[in-house]
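Novice: My questions will all concern the structure given below.
The values are calculated or read from the model by the stated rules, or taken from the named source; none is laboratory data. Computed from a prediction, not measured in an experiment: that's the story for all the values here. Cβ placement follows ideal geometry from the backbone for every residue including glycine, while neighbour counts extend to all protein chains displayed. Ligands, DNA and RNA are excluded from the accessible area calculation, which covers all protein heavy atoms including side chains. Shrake-Rupley method; radii C 1.70, N 1.55, O 1.52, S 1.80 Å.
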Amino acid sequence: MSAVRYPILWERISPDHPDEGDWSWTDDRLSQLHGHGVRVIGGLVHHGSGPRYTDLTQHTFAPGLASHARAAAERYPWIADWTPINEPITTARFSALYGHWYPHTRDERMFWLVLLNQIDATRLAMSEVRVVNSAARLVQTDDLGRTYATASLREQAAFDNMRRWAGWDLLCGKVTQHHPLFERLSRFGLGDRLRAIADSPCQPDVIGVNHYLTSDRFLDHRTELYENEPVGGNGRDQYVDVAAIRVLDPAPQGLAGALSEAWARYRIPLAVTEVHNGCTRDEQMRWMRQAWDIASELAKTGVDIRAVTSWALFGSSGWNTLLTAPGVYEPGVFDANSGVPRATAMASMLPALAAGDRINPVATSRGWWQRDVRFAHAAVPRPAPFAARSPGPCTERQSASILICGATGTLGQALARACGHRNLPFVLTDRRQMSLDSREMIERTLDRYQTWAVINASGWVRVDDAEDQADACFAANTNGAIALAAACDERGVTTITFSSDLVFGGRPGGGYAEDDEPAARNVYGRSKAVAEQAIAMLGGTHLVVRTAAFFSPDDRYNFAWAVADALQRGERFRAASDQIVSPSYVPHLADAVLDLAIDREGGFWHLTSGSAVSWSEFARRIAEACGLPPSLIDAVPGDTLGWRAVRPGNVSLSSRRGSPMPPLDQALAAFARGWRAQLAQQKAS
């Protein structure tokens, strides 16, 4: 990493009064970055109005930000690159045109006023910064995509495609009386403001292009074709506004088009200032690799591209809701959801890209946006040259496979489905192909396939039967698992082995973490505990995942299906009220495990859907999610259910390493959707 965009945020430093600033947090971190020779691009307002005493619609916003900029420049005179306001067009749209953010207006004049106030704030801020450092450079970012549309909406698309340049055009002094937007803004009484900006522009030294897979948009007046998509309009036409990548065929111009257009329009050095894909780890890596390749290829044609930036290093939270409600956390180069940053596979990939070294094989496959899975709606033909329609030569390099043991089990099948959806090459084996009873078969299979990771999803699962068949249980769960991990260790292959909450003995309060001592109380639990301890001794990248109470709509033989099946027939269902577990939604578990495999994580990790519940409470929540009567659930003592193996009272799992799985409420909602779909499919057949 040679440079980093760092927030010297106005609202963090002076939240209550412009003359009262607390710089301690920023001082400490900028000092460390400066000491390590990392170039800093200082950001002053990322989105919104800044502190609570400011307002994007007021004339006081610009001089207020300029004052903060001067203080920041004087405090950090060694910072040469500045982004006073990130994405002014985007902020103006979300704040004043769409009403998502403060001041929550939906008015075009207010949109232009907010934009001009941000442009003036940028000009004044840079003027103050340059009093301290005359060589200071402006790095001006904004989201950049292209709008496509059906023929009847071509005027709206043309306007959107002009408006997207407005921020940079204003800073470059281009919005004069000859500019297509000048007359429109003048009708809102803003002509004098435009003339003042054009007379004293502040041309960016670098244009920062933030382009996401959803940045290119498609407007369609045929709203009936888009179920569950919100319908908007411009006062004259009604239409849906969807991500173009999800509907257009061939695909929209994407990042390459955005960069090419920006270079042709301004001839100012460019940087790709935000590269992020809120998706699985492999897809994050593929998007980063593609962005790097696009920038590299354009640079060869003479486009001046100065940087490609992974955004954000430590991830971000709430962007799936546009910060309007609690949202999900998306890891970046580091996963910080545990409170302690953990390097993901992206951390080793970035320097490898810069050095031209070999990168993780999963990053070389096509991303979802390059496969038919991208279509969320019926494909709409896009007028395009033949070259855009032709798939061209396939540059995808087949990556090494993941070997999954357990073809007949719930988890093995789920992992295979996840690999297929994520375009991760895999081999799914059963006992005929690789019996874990035979070291010779294990070694022969490992040598046959070019594998970089082995996921052992096989084993004995019948907890009560294990009490009478201890030898068979230990052969499957212990001896075979250890033999497989040892053979992989000899070959330097990553392994993931599944263990259970039943390695613990139960205690009031529960909440077992990864480093708690096992104390199994039944044969099944002991078979898992012996295996996991032996595998942990191998060290390296051998990961042991403890999990519990699987449920999935894709397998009828699990607790959630049993509950839903009984209740929808009107039958009562008995479930233990005195045994606490942490349920795990299998599709989410499969994705989390694949991410950790790609990250080459080792040691112990507890993966669940995050909530500790009794079996009876779990049953009640399943009923509610599926729209079934919870009153049919009978909460009973566990010892009345006829189990032979001891079930501890509380073996709920917590994690000190962070949970990469969505919470139980989301898991139950997903199960309910899948369960209903399965029922509908049954009726149809």
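Novice: Which ones in the range 308-366 are in a helix (DSSP H, G or I), closer than 30 Å to Tyr102 by Cα and in contact (Cβ under 8 Å) with a residue 40 or more places away in the chain?
Specialist: Trp319, Asn320
Residue-by-condition table, conditions (1) part of a helix (DSSP H, G or I); (2) farther than 14 Å from Ile8 by Cα; (3) at pLDDT 95 or above:
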{"position": "Leu30", "(1), (2), (3)": "yes, no, yes"}
{"position": "Val40", "(1), (2), (3)": "no, no, yes"}
{"position": "Leu44", "(1), (2), (3)": "no, no, yes"}
{"position": "Pro51", "(1), (2), (3)": "no, no, yes"}
{"position": "Gly64", "(1), (2), (3)": "yes, yes, yes"}
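Novice: Check off (1) of a type outside the set (Asp, Glu); (2) open to solvent by less than 10 Å² (accessible area, probe 1.4 Å); (3) part of a loop (DSSP other than H, G, I, E, B) for Gly506 and give me the number that stays unchecked.
Specialist: (2)
Novice: Counting residues that are out of contact with any Phe, Trp or Tyr (no Cβ under 6 Å at 6 or more places or on another chain) and open to solvent by 40 Å² or more (accessible area, probe 1.4 Å), which strands (runs of 3 or more DSSP E) fully inside the range 564-638 reach at least 2?
Specialist: 633-636
Novice: Would you kindly identify the helices (runs of 4 or more DSSP H) lying entirely within the range 83-170 that contain at least 1 residues that are closer than 13 Å to Leu56 by Cα and either open to solvent by less than 30 Å² (accessible area, probe 1.4 Å) or in contact with a Lys or Arg (Cβ under 6 Å, 6 or more places away or on another chain) (or both)?
Specialist: Output list reads 88-92, 108-132.
To keep it simple, each residue is scored yes or no on (1) out of contact with any strand residue (DSSP E or B) (no Cβ under 6 Å at 6 or more places or on another chain); (2) within 17 Å of Leu113 (Cβ to Cβ); (3) of a type in the set (A, V, I, L, M, F, W, C).
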site: Val175; (1), (2), (3): yes, yes, yes
site: Pro180; (1), (2), (3): yes, no, no
site: Arg184; (1), (2), (3): yes, yes, no
site: Gly189; (1), (2), (3): yes, yes, no
site: Ala196; (1), (2), (3): yes, yes, yes
site: Gln203; (1), (2), (3): yes, no, no
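Novice: I'm checking my understanding of the structure. Among residues of the range 28-49 that are open to solvent by 20 Å² or more (accessible area, probe 1.4 Å) and touching a Leu at 6+ places or on another chain (Cβ under 9 Å), which one is farthest from Thr90 (Cα to Cα)?
Specialist: Among those residues, the one meeting the criterion is Arg39.
Novice: A further question follows. Counting just the residues of the range 320-343 that are closer than 23 Å to Ala3 by Cβ and within 13 Å of the chain's Cα centre (by Cα), which one comes out surrounded by the most Cβ atoms within 10 Å (Cβ to Cβ)?
Specialist: In this case the residue turns out to be Asp335.
Novice: When the residues of the range 172-184 are narrowed to those that are part of a helix (DSSP H, G or I) and over 17 Å from Arg93 (Cβ atoms), which ends up least open to solvent (accessible area, probe 1.4 Å)?
Specialist: The extreme case among them is Phe182.
Novice: Could you pull out the residue among Leu185, Leu170, Leu194, Leu190 that is hydrophobic (A, V, I, L, M, F, W, C), closer than 29 Å to Leu213 by Cα and modelled with pLDDT of 95 or more?
Specialist: Checking each option against the conditions leaves just Leu170.
Novice: Now a separate question. Can you tell me which residue in the range 484-510 is modelled with the lowest pLDDT, limited to those that are at positive phi and in contact with a strand residue (DSSP E or B) (Cβ under 8 Å, 6 or more places away or on another chain)?
Specialist: Gly510
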